[in-house]
1. For A:ILE148, A:ILE178, B:ILE83, what's the fewest-to-most ordering of other Cβ within 10 Å of each Cβ?
2. Return B:HIS62, A:HIS152, A:HIS142 ranked ascending by Cβ neighbour count within 10 Å, so the fewest neighbours appear first.
3. Assuming a ≥ b ≥ c are the square roots of the Cα gyration tensor eigenvalues, decide whether chain A counts as rounded (a/c under 1.5), prolate (otherwise, with a/b larger than b/c) or oblate.
4. Classify region B:1-91 as rounded, prolate or oblate, taking a ≥ b ≥ c as the square roots of the eigenvalues of its Cα gyration tensor: rounded when a/c is under 1.5, otherwise prolate if a/b is larger than b/c and oblate if not.
5. Please sort by residue number the trypsin sites (Lys or Arg not before Pro) in region A:229-276 whose DSSP state is loop and whose Cβ has at most 14 other Cβ atoms within 10 Å.
6. Per-residue HN-Hα couplings for region B:78-85, Karplus 6.51 cos²θ - 1.76 cosθ + 1.60 at θ = phi - 60°, whole Hz, x for Gly and Pro?
7. When a footprinting reagent is the concern and you count Cβ atoms within 10 Å, what order do A:ARG141, A:ARG227 take, fewest first?
8. Any idea which of A:PHE236, A:HIS152, A:VAL164 is furthest toward the positive side of the dipole for region A:145-266, if Lys and Arg beta-carbons carry +1 and Asp and Glu beta-carbons -1?
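FYI, it's all coordinate maths here, none of it is from the lab. Remember, it's a predicted structure, so these values are computed and weren't measured experimentally. Note: ideal-geometry Cβ built from the backbone for every residue, glycine included; neighbour counts use all protein chains shown.
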Amino acid sequence: MATEVTGALLALDVVLAVSLVGCAAALVATADVFKATVLFIVFGVMMALVWGRLGAVDVALAEAAIGAGITGALLLGAQTAQPARRRGAAARGREHTFQPATPDDAPVYQPARPSRRVAAALAAAAVAGVVLLALSRVPTRHPGLAPILAPHMPDAGAENPVTVVLLSVRAYDTLLEIVVLLAAVIAAWASAVPAAPKPEPPGALLAAATRVMVPVAVLIGGYLLWRGAAAPGGAFQAGAVIAGAGILAAFAGVELPRRGGAGLIRAGLVAATLVFLGAGAYGPARGEPFLHYRGGAAEGLILVIEVVATLSIALSLVGVFMGRPPPRTPERTGGDDEFG
Amino acid sequence: MSSVEIYGAAAALSFGLAVYGAIAARPVIHKLVSLNVMGASVFLLLVAASARPPAAPDPVPHAMVITGIVVTVAATGYAVALIRRMEWERGSGVLPEDAAPGGAASEQPGGGGRERGEGGAPEAENAAEGPTEEGRSPWPGPPRG
């Protein structure tokens, strides 16, 4: 019986592995960028299943929500109605048409020169060969890093070992990761195209779906956040799910508060960095290292960091997806004040 | 053969395929998709190489991979912003060194210099467009007027 189960799982492993490599091959080989993007989303979902098979449930949640979901939305968003917005296209009097500005903007583009393709294939084969060789030399018997983590678990303030690593043992990584997200928002907003696309009026289906989906997504996000202390889940997965709700709501034309909406968004974006730094000061205040919090206060600090981080991560992901800052006030909704 | 070896090999192969895509694809957005596959393959390799079934999974690589996934989406978001800006500035989503395989004439009837010519006076064109209806932010905002 046990061998039958093992055999079935091994077959599942082979199917998943072949699907992954097949998706990668197809998305690289196609000359259709849209098709490549859709295949990438499929690749991400397959990858989430693989994480589940490898016992990495936290990673599976992050991959499905961020790797496939938000990244897929970003990549698709980069392709929607682009040709009509181009300055070159506008100058040729092709505004509001969907004719490609150059042959490479057509759905299917021409492949690179044969010489370049051969060089790329050689480089790819060499890299894959070296990685396979290195993989065969990885020692199969070593204890890993879990024994180093074990002594920190009892007074870390959370039971999920991944949460302990992210928010206690290697909190520095996570603090800087949140700063990276903030930096990406600032950089994306700073390099935004001056002429923003006009938002499309939402269809009836989108508006109805949003009314159902947004509360459900926020509920799931809250659940993932709360469970993250003891089980797979946490701020990043929760933030990504809530960001999905935010993107959906924005598409459906949900309005910000008349006053202070943009300011609240900006405050929310930096909140996690500030709160994390504040929590990090708890250690130095007690004569311990920066970002060092153990024992009684750890649980509360981790909870506060995770709640605020969820908010900031969700806002950052929506902000990067929007690609430009929110309008400041009703009188100055034009993009000109943002770009000088 | 174990599941660890199967996924390790899959990670190595998809990494190699993505290296090919990142070099051979011409639109920058397609290169970006390939780069994302490269990243995901590295994460898979890291977790597969650290897995020692039937022992419990090692949480430290898992946390590193979650950090990596978030940093990747941040970098991808910025890259998308840069690609949009490049398309707006140049009128093309293809880098100059990747343009027109096998001669410009075969692909662009108007000649390869067409985009450059139009991009010659960005400031003037920018001013001419001015704060039109196009300048509205896609963020949901209060109704105007």
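1. Numbers: A:ILE148 11, A:ILE178 28, B:ILE83 21.
Arranged by neighbour count, lowest to highest, A:ILE148, A:ILE178, B:ILE83 become A:ILE148, B:ILE83, A:ILE178.
2. On the way: B:HIS62 28, A:HIS152 14, A:HIS142 10.
Listed from fewest to most nearby Cβ atoms, that is A:HIS142, A:HIS152, B:HIS62.
3. Cα axes put chain A in the oblate bin.
4. Since a/c reaches 1.5 but b/c is at least a/b, the shape of region B:1-91 is classed as oblate.
5. Working: sites: A:ARG258, A:ARG259, A:ARG266; in loops: A:ARG258, A:ARG259.
Those satisfying the criteria are A:ARG258, A:ARG259.
6. For region B:78-85, the Karplus curve yields 5, 4, 4, 4, 5, 5, 4, 5 Hz.
7. A:ARG141, A:ARG227
8. Of the options given, the answer is A:PHE236.
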